[in-house]
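What follows is calculated from the coordinates using simple rules that are stated; it is not laboratory data. Since the model is a prediction, treat every value here as computed from it, not as a measurement. When we count neighbours, we look across all protein chains shown, and the Cβ atoms used for this are built from the backbone with ideal geometry, even at glycine.
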Amino acid sequence: MRRKQKIDPEFAVKAGEQMISDTGQHICMAEGCFDIGSHPAPKNRQELRSYIWFCLDHIRMFNSQWNYYDGLEGDALEREIRRATTWERPSWKFGTGPSAKLSSSDPFEDKFRFFDEADTPAHAAAQNLTTEQKKAFALFELTPDSDQETIKKRYKELAKKLHPDHNRSDPKAEDRLKEINLAYAVLRKSTAHV
Ligand SMILES: [Zn+2]
């Protein structure tokens, strides 16, 4: 992976909606950065399930600055903690999305420990998966309780998006397509008995 020469110490998120490249990939939402963003992060604390995307350097910076309970005190803090223990949590830890395997460790691993309790069907399903299967679901951005029909539909979308005919200017699309094909083989096998 390409390393940046210098990381801007003043990390700021771009205003507005998630940027998408003309090849359909997420653009890093850090101000001034136009790398491909392969790492999802929650948009804000009200919208934990809406993601914006960052490159590896910036997801690390985002992670180091993000403290979910920052700025909350007293009653508000207590309310948030109570909410966090009752709601439906995201099934995947942040940073485990596509290409997260490029990083040596999950950047969100320690920060989001409160998402770890196994009390959602998706999370329960994830318990029985091999690493290969987890990676495949993450690559497809699907939860592990997804059925074959959902997986097939998602595969078609991805295969279409990454088709060489639509990505002549992006030589990486072909590699991504190969990854998607391999992941699909893994997922088909793992859901064959469901
Ligand atoms: Zn970036």
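General remarks:
- Spatially close lysines, pair count over the range 124-192: Cα under 21 Å, gap of eight or more or interchain: 28
- Within-10-Å neighbourhood charge of Arg176 [Cβ basis; K, R +1; D, E -1]: -1
- Over the range 141-180, the hull volume per residue, using the convex hull of the C-alpha atoms, is 59 Å³.
- With 0.36 nm allotted per residue and the present C-alpha distance subtracted, the Glu17-Ser169 stretch has 52.3 nm of extension available.
- Applying D = kT/(6 pi eta Rh) to the range 124-192, where Rh is the Kirkwood radius over alpha-carbon pairs, T corresponds to 4 °C and eta to 1.567 mPa s, the Stokes-Einstein value obtained is 105 µm²/s.
- For the pair the range 154-173 and the range 21-47, the centres of their Cα atoms are 19 angstrom apart.
- Estimated FRET transfer efficiency (Lys152, Asn128; beta-carbon r; R0 35 Å; 0.05): 0.95
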